[in-house]
Amino acid sequence: MVSRNGATQPRWARNGRQLFYVEAGTLMEVPVRTTPEFWAGTPVPLFAHSHFARWMEPNYDVSADGERFLVPGRSEQGKERLIHVVQNWFSEFRDRH
């Protein structure tokens, strides 16, 4: 068992050495080892967010380096919801000197 008080929304870090989960509205991180047998360290609280309490399935994502998180935010009522995707953004700056 990894969580001390129950958990939802588990996600593995891409490096396989950390497990993230939500406990009582707070994102938790716990170091893990899978060889030679499974071992879990002491969970550490990272931050609380109001949207964590509303979902059982993960509604956040972890960056490849495990240092940043993508968490949903609340939009203002009546405002249009937009997502802006910028592709190849580096090429715009490559030619500038």
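The values are calculated or read from the model by the stated rules, or taken from the named source; none is laboratory data. Keep in mind that what you see is a predicted model, and the values were worked out from it rather than measured. Glycine gets a Cβ as well: all are built from the backbone with ideal geometry, and neighbour counts include every protein chain shown. For the accessible areas, the whole protein counts, side chains as well, though only heavy atoms, and no ligand, DNA or RNA atoms are used. Shrake-Rupley method; radii C 1.70, N 1.55, O 1.52, S 1.80 Å.
In segment 35-52, which residues are in contact with a strand residue (DSSP E or B) (Cβ under 8 Å, 6 or more places away or on another chain) and open to solvent by 80 Å² or more (accessible area, probe 1.4 Å)?
Step one: list which residues in segment 35-52 are in contact with a strand residue (DSSP E or B) (Cβ under 8 Å, 6 or more places away or on another chain), which gives 38-49, 52.
Of everything in segment 35-52, those that are in contact with a strand residue (DSSP E or B) (Cβ under 8 Å, 6 or more places away or on another chain) and open to solvent by 80 Å² or more (accessible area, probe 1.4 Å) turn out to be F38, W39, T42, P45.
Considering only residues that are of a type in the set (G, A, S) and open to solvent by 60 Å² or more (accessible area, probe 1.4 Å), look in segment 53-83 and name the one that is modelled with the lowest pLDDT.
Our first condition is that a residue be of a type in the set (G, A, S); within segment 53-83, this holds for 53, 63-64, 66, 73, 75, 78.
Restricting the remaining residues to those that are open to solvent by 60 Å² or more (accessible area, probe 1.4 Å) gives 53, 64, 73, 78.
Working: A53: 71, A64: 84, G73: 68, G78: 59.
The selected residue is G78.
Which of the residues belonging to segment 1-12 are in contact with a Leu (Cβ under 7 Å, 6 or more places away or on another chain) and either open to solvent by less than 70 Å² (accessible area, probe 1.4 Å) or of a type in the set (K, R) (or both)?
Filtering segment 1-12 down to residues in contact with a Leu (Cβ under 7 Å, 6 or more places away or on another chain) leaves 2, 10, 12.
The one that is in contact with a Leu (Cβ under 7 Å, 6 or more places away or on another chain) and either open to solvent by less than 70 Å² (accessible area, probe 1.4 Å) or of a type in the set (K, R) (or both): V2.
State the number of residues belonging to segment 19-34 that are over 22 Å from D65 (Cβ atoms) and either part of a loop (DSSP other than H, G, I, E, B) or open to solvent by 60 Å² or more (accessible area, probe 1.4 Å) (or both). Reasoning before the result, please.
Pass one, segment 19-34, residues over 22 Å from D65 (Cβ atoms): 23-25.
Remaining after also requiring either part of a loop (DSSP other than H, G, I, E, B) or open to solvent by 60 Å² or more (accessible area, probe 1.4 Å) (or both): 24-25.
Within segment 19-34, residues that are over 22 Å from D65 (Cβ atoms) and either part of a loop (DSSP other than H, G, I, E, B) or open to solvent by 60 Å² or more (accessible area, probe 1.4 Å) (or both) number 2.
Keeping to segment 1-18, report how many residues are part of a strand (DSSP E or B) and within 18 Å of A53 (Cα to Cα). Steps first, please.
Going through segment 1-18, the residues part of a strand (DSSP E or B) turn out to be 8-12, 18.
Next cut, within 18 Å of A53 (Cα to Cα) only: 8-11.
Of the residues in that region, 4 qualify.
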